[in-house]
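K.L.:
Got a structure here, written out as structure tokens. Questions coming.
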Amino acid sequence: MDLGLKDKVIIVSGGAKGIGEGIVKVLAAEGAIPVIIGRNEADN
């Protein structure tokens, strides 16, 4: 699927695990540049 996200920088809060992690994977597969923000150092 082409979501038109190639080379777009997208901030994902809570992207280190769970649903956020899945979203990050889809964004990366679409050519986006996901920036992951986590609350805990352990989430990195």
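K.L.:
Counting each DSSP H run of 4 or more residues in the chain as -39500 (n - 2.57), what helix-only mean residue ellipticity at 222 nm follows after dividing by all residues, to the nearest 500 deg cm²/dmol?
P.N.:
-8500 deg cm²/dmol
K.L.:
Only Cα pairs under 8 Å and at least 6 apart count here; give the relative contact order of the chain as a rounded whole percent.
P.N.:
47
Quick note: the coordinates plus some simple rules give every number you see, no bench work behind them. Quantities reported herein were computed from a predicted structural model and do not represent experimental measurements.
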